[in-house]
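Q: Mind looking over this structure? Questions follow.
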Amino acid sequence: MTTATSQGEESALDLQQLKTFLEVCQTRHFGHAASNLYLTQSAVSFRIRQLENQLGTTLFVRHRNNLQLTAAGERLQHHAESILSLWEQARQDVASQQDRAATLTLATTPAISTAWLGPALLDMHQTLADRFWRSETLTPDQISRRLLDRSLDLAVLPVSLKVDELTSRLLTPLTLTLTSANGVRTEDAVQRSYVQIDWAAGLPIHPGADLNSMPSLQTSDFQLAINWLQRYSGAAMLPENLVDQTQWQLRADLATTSLPLYLIHHSQHPDLANMNPVIDYLLQR
């Protein structure tokens, strides 16, 4: 009996490697990817090296202290998303019909997950307690692809997706107001440490041209933004519904804006009847 491992087994597809690769693609940082995946940074680096060895090419390069995808990495990113999406479809397909009918998968960007979809899910489960929920944070491009291949049921984005097969419905806008830590003069807080929250790719929200602020931090991590404001007495455009006015100072007279939100789903989703109560709830919220 031989203990040697065949070449085919050595190069067998590892879904965990692909998941790790996509996390590094999204964070562009091995340490942040490791934190999100509950791994050590060396484990993330090892998985990426294994993947590069199997493919015989480099997937990432460092450019001016910034991690960038190579051309091969960009091509792999699309394949990896498709493979994991197909695997999720396969996993759901072999689940019991009862479980599939009761489970809905929703997605949005990281910031909107904390500011809107997360609170909506908490409230919605009180009304629709017979459902099972799956919540994901993805980029708009990932969301579009997942909606089209129907591995994602519903999405909430601050932009509508102009695709014929997708239906976008306008939700109640999210009101953002310039906010600083209570006791800190907001104009001073903006100049001291302004935080720009990325609600979606290419959609920066600034406090107002008259304040002439440069962000000391730009992030899609909502909790990091809050922690930064508290530690450095800064300011940011925050959702009014999440602000405790005993701890924060809202300055609508300086800057306020309405962030549009769209509920998006596939027009020909096979389980639209099961989704309609959820759609109606979110539209009325």
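The values are calculated or read from the model by the stated rules, or taken from the named source; none is laboratory data. Source: prediction; values computed, not measured. Using ideal geometry, Cβ is built from the backbone for each residue, glycine included, and neighbour counts are taken over all protein chains shown. Just the protein is used for accessible areas: all its heavy atoms, side chains included, with ligands, DNA and RNA removed. Shrake-Rupley method; radii C 1.70, N 1.55, O 1.52, S 1.80 Å.
Q: What percentage of the solvent-accessible surface of the chain, computed with a 1.4 Å probe over protein heavy atoms, is contributed by carbon and sulfur atoms? If you can, show how the numbers build up before the last one.
A: On the way: 7480 of 15350 Å².
Carbon-and-sulfur percentage of accessible area, whole number: 49.
Q: Given a 1.4 angstrom probe, what's the average accessible area per residue across the stretch 152-191, in square angstrom? Intermediate values should be presented prior to the final figure.
A: Numbers: 1680 Å² over 40 residues.
Spelled out: the 1.4 Å probe surface of the stretch 152-191, per residue, equals 42 Å².
Q: I've got another one for you. What number, in percent, do you get for the relative contact order of the chain if the mean sequence gap of Cα pairs under 8 Å and at least 6 apart is divided by its residue count? Mind showing how you got there, number by number?
A: Working: 430 pairs, mean separation 53.7, N = 285.
Normalised by residue count, the contact order of the chain is 19 percent.
Q: In debye, nearest 20, what is the charge dipole magnitude of the stretch 112-185 about its Cα centre with +1 on Lys and Arg Cβ and -1 on Asp and Glu Cβ, if you could check? Kindly include the intermediate steps, with their values, before the conclusion.
A: Details: 8 positive and 8 negative charges, 43 e Å.
For this selection, approximately 200 debye.
Q: Relative to the first principal axis of the alpha-carbon coordinates of the chain, what is the inclination of helix 272-284, with its axis defined by its Cα atoms, in degrees from 0 to 90 and to the nearest 10?
A: Taking the Cα atoms of the chain, the angle to 272-284 is about 20 degrees.
Q: May I pose another question? Scan (1) 18.5; (2) 19.5; (3) 21.1 for the value of Kirkwood radius over Cα pairs in Å calculated from this model and give just the label.
A: (3)
Q: Please compute the modelled spin-label separation between LEU272 and GLU187, points set 7 Å along Cα→Cβ, answer in nm with one decimal.
A: 5.4
Q: Output the 0 to 90 degree angle, nearest 10, between the alpha-carbon long axis of helix 118-127 and the longest principal axis computed from the alpha carbons of the chain.
A: 80
Q: Compute the angle between helix 15-27 and the longest alpha-carbon principal axis of the chain, please, reported from 0 to 90 degrees and rounded to the nearest 10.
A: So the inclination is approximately 30 degrees.
Q: Turning to a different aspect of this structure: As an exercise, identify the trypsin sites (Lys or Arg not before Pro) in the stretch 117-165 lying in DSSP coil whose Cβ has no more than 10 other Cβ atoms within 10 Å.
A: Numbers: sites: ARG131, ARG134, ARG145, ARG146, ARG150, LYS162; in loops: ARG131, ARG150, LYS162.
Taking the stretch 117-165 and a limit of 10 other Cβ atoms within 10 Å, the loop trypsin sites (Lys or Arg not before Pro) found are LYS162.
Q: Next question. Calculate how many DSSP beta bridges within the chain are antiparallel, expressed in % of all such bridges and rounded to the nearest 5. It would help to have the intermediate numbers written out before the result.
A: Working: 25 of 40 bridges.
Close to 60 percent.
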